[in-house]
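Take a look at the structure set out below.
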Amino acid sequence: MTFLSSPHPLVPAQFVRREKRFLIHCVVDGQPAMAHTNNSGSMRGLLRPGMPILLSQATTSGRKLPYTLELVCPETVWIGVNTATPGRVLRQAVQENAIPELIGFSQLHAEVRHGQSRLDFVLDGPAGRIWVETKNVTLAEGGVACFPDAVTIRGTKHVEELAAMAKAGANTAIFFGIQRTDCTAFGPAAHIDPAFTRAFVAALRAGVRMLPYVLEPSPTGIRLHHRLPLVLPGEWICPTI
């Protein structure tokens with residue numbers, strides 16, 4: 001089972017508040033501090049004053065802020081909020097043949113242009129070629145992991161592009177990295193972004209493979225777990241598409 005270790009020990013802190021989208025106020029070792037977050041979503045239900053959080057420390061010079069927000073613990077489980085993590089896990093999992101749907105695609109290239117767009121990954125190998133977008137999932141409601149947690153015009157565009165590619169004969173997929181372990185299914189958040197949900201369902205019908213996988217975050221790293229079944233609008237579960 002793929003395990004991606006933290007490159008450096010994570011720093012424990014307490015959350016204070018979020019400023020705008022990319023700045024976190026917190027307390028480290030009893031002292032006020034600030035951290036960057038690359039998560040532009042709402043992080044709905046995740047940010048509570050005083051709760052434990054884990055930060056990674058900047059290792060390059062020129063960074064304005066010394067920390068990056070990695071994990072939060074609003075209740076009893078750690079939840080990963082770094083949006084780069086699903087892509088990092090996917091890279092390693094492909095090398096280790098840890099994702100059954102992507103076995104046979106051994107060569108991975110990142111940020112590849114297709115027409116007017118730049119997609120996260122293209123994978124090549126004996127099985128052919130597949131284009132893959134990655135999405136980070138943190139929202140859960142009623143035991144169902146949901147994406148997105150805020151309206152995402154960019155995310156909807158990605159899904160529509162992959163659907164068009166699938167209709168033209170390309171092999172396409174979206175890898176949803178669900179950075180929490182308390183969910184039993186996954187689906188589009190129709191109550192948050194109806195446009196994304198419509199695009200999601202249309203893409204599924206066009207042949208885009210939806211790969212919602214549980215990623216278990218911990219202070220020492222993150223582990224790839226099992227694939228979740230899909231719950232689509234209308235409340236029917238589709239475990240095999």
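Rule-based calculations on the coordinates, nothing more; no lab input. The model shown is predicted, which means the values in this text are computed figures rather than measured ones. Here the Cβ is made from the backbone with ideal geometry for all residues, glycine too, and neighbour counts use every protein chain on show.
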- Task: Return the FRET efficiency for the residue pair residue 164, residue 112: r is the Cβ-Cβ distance, R0 is 22 Å, and the value is rounded to the nearest 0.05.
- Result: 0.85
- Cleavage-rule hits, GluC sites (Glu not before Pro), the range 154-241, DSSP coil, Cβ neighbours within 10 Å at most 14: 235
- Query: Once amide H atoms are built 1.01 Å from N in the peptide plane, which residues 5 or more positions from residue 221, or in another chain, come under 5 Å H to H?
  - Reply: 6
- By the Kirkwood definition, with r running over pairs of different Cα atoms, the range 105-241 has a hydrodynamic radius in Å of 15.3
- Considering the options 125, 220, 178, tell which one lies farthest towards the positive end of the dipole of the range 85-238, charges being +1 on Lys and Arg and -1 on Asp and Glu at the Cβ, about the Cα centre. 125
- Item | Volume per residue of the C-alpha convex hull in the chain, rounded to whole Å³ | 131
- Work out how much length residue 57 to residue 154 would gain on full extension: take 0.36 nm times their residue separation and subtract the Cα-Cα distance, in nm to one decimal. 32.0 nm
- Which order results if 29, 124, 193 are arranged by neighbouring Cβ count within 10 Å, fewest first? 29, 124, 193
- Query: Counting only the backbone N, which residues of the range 26-54 are under 19 Å from the spot 7 Å out from the Cα of residue 20 toward its beta-carbon?
  - Reply: 26, 33-43
- In debye, nearest 20: dipole of the chain around its Cα centre with unit charges on the Cβ of K, R (+) and D, E (-)? 520
- Query: Reachable lysines from residue 20, Cα under 21 Å, same-chain residues fewer than 8 places away excluded?
  - Reply: 64
- Packing-based exposure ordering (other Cβ within 10 Å, fewest first) of 201, 72: 201, 72
- Message: Nothing charged except the Cβ atoms of Lys and Arg (+1) and of Asp and Glu (-1): what's the magnitude of the dipole of the range 57-199 about its Cα centre? Round to the nearest 20 debye.
- Response: 460
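Based on the alpha-carbon gyration tensor of the range 3-79, what equivalent-ellipsoid semi-axes (square roots of 5 times the eigenvalues) come out, in whole Å, largest first? Provide the component values of the computation, followed by the final result.
Values: eigenvalues 63, 46, 34 Å².
In descending order the semi-axes read 18, 15, 13 Å.
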